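S.K.: Input: one structure, supplied below.
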Amino acid sequence: AGFVMLGLLALPALKPASPRWFGVAPVILVAVVALAWLVLRRVLPQARSWHGTIRRDGLGSVLVATVGCSCVIWSLDVLRVTLTGLAFGFRITAPRAATLSLLRLGSGLVPVPGGLGVVDGTLVAGFLWIGMPAGSAAAAALVERAIVYVWGTLLGAGALLLIGGTRTLRSARA
């Protein structure tokens, strides 16, 4: 749900700038529809059984709450990118912020530990793409990575300590 929300929000920022794209866009659209059809053909029977389980076990409200929380978290991701741009004196619209979020997420799929280098370069390129000066783009990418990677790691470590992670580590070593 979050990816769909970000994708729909990013669409205005991804509009083609040159007439060449009008020839390529239908081919891409056909490829996406064909891929979606292949995936849905395999996933739909499984989804039907999951739907029956969700209805039988009364998990519908949990699912709705989960999707709602996911959308709120992705909205906060867009807000974070927008505020990062404002911190460097550059106004980033919501569609562009959603595009930058999708770029960051997509580049994080490259199998490099922590996405180091790949995600940073993608963020710098994305900030440059929306018109941010080079120095500000590099600094904004560093701040964005610090917020996402370092802050998330510190919060995870703190949560692990609070729920007794050291005790679990000690018992695993023994």
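The values are calculated or read from the model by the stated rules, or taken from the named source; none is laboratory data. Here the structure is a predicted model, which is why all the values come from computation and not from measurement. All Cβ positions, glycine included, derive from the backbone under ideal geometry; neighbour counts span all protein chains shown. In case anyone asks, the SASA skips ligands and DNA or RNA and just uses the protein heavy atoms, side chains included. Shrake-Rupley method; radii C 1.70, N 1.55, O 1.52, S 1.80 Å.
S.K.: Take the residues in region 52-62 that are surrounded by fewer than 12 Cβ atoms within 10 Å (Cβ to Cβ) and not polar (S, T, N, Q), then tell me which one is farthest from the chain's Cα centre (by Cα).
M.R.: Applying the first criterion (surrounded by fewer than 12 Cβ atoms within 10 Å (Cβ to Cβ)) to region 52-62 yields 52-53, 55-58, 60-62.
Now drop any that are not not polar (S, T, N, Q), which leaves 52, 55-58, 60, 62.
Working: Gly52: 29, Arg55: 29, Arg56: 32, Asp57: 30, Gly58: 29, Gly60: 25, Val62: 22 Å.
Out of the qualifying residues, it is Arg56.
S.K.: Looking at region 94-126, which of the residues that are among the hydroxyl-bearing types (Ser, Thr, Tyr) and over 16 Å from Met5 (Cβ atoms) is most open to solvent (accessible area, probe 1.4 Å)?
M.R.: Among those that are among the hydroxyl-bearing types (Ser, Thr, Tyr) and over 16 Å from Met5 (Cβ atoms), it is Thr122.
S.K.: Of the conditions (1) closer than 19 Å to Arg80 by Cβ; (2) in contact with a Ser or Thr (Cβ under 7 Å, 6 or more places away or on another chain), Val118 clears all except one; give me its number.
M.R.: (1) is the only condition that Val118 fails.
S.K.: Quick check on region 155-171. Is at least one of its residues closer than 17 Å to Leu100 by Cα and open to solvent by 90 Å² or more (accessible area, probe 1.4 Å)? Give the derivation first.
M.R.: Filtering region 155-171 down to residues closer than 17 Å to Leu100 by Cα leaves none.
Looking for residues that are closer than 17 Å to Leu100 by Cα and open to solvent by 90 Å² or more (accessible area, probe 1.4 Å), one finds none in region 155-171, hence no.
S.K.: Could you grab me the full set of residues in region 137-150 that are open to solvent by 30 Å² or more (accessible area, probe 1.4 Å) and either at pLDDT 95 or above or of a type in the set (A, V, I, L, M) (or both)?
M.R.: Of region 137-150, the ones open to solvent by 30 Å² or more (accessible area, probe 1.4 Å) are 138-139, 142-143, 146-150.
Across region 137-150, the qualifying residues are Ala138, Ala139, Leu142, Val143, Ala146, Ile147, Val148, Val150.
S.K.: For region 127-147, enumerate the residues that are free of Cβ contacts under 8 Å to residues at least 24 places away in the same chain and closer than 22 Å to Gly7 by Cα.
M.R.: Listed by number, the residues that qualify are Leu128, Trp129, Ala141.
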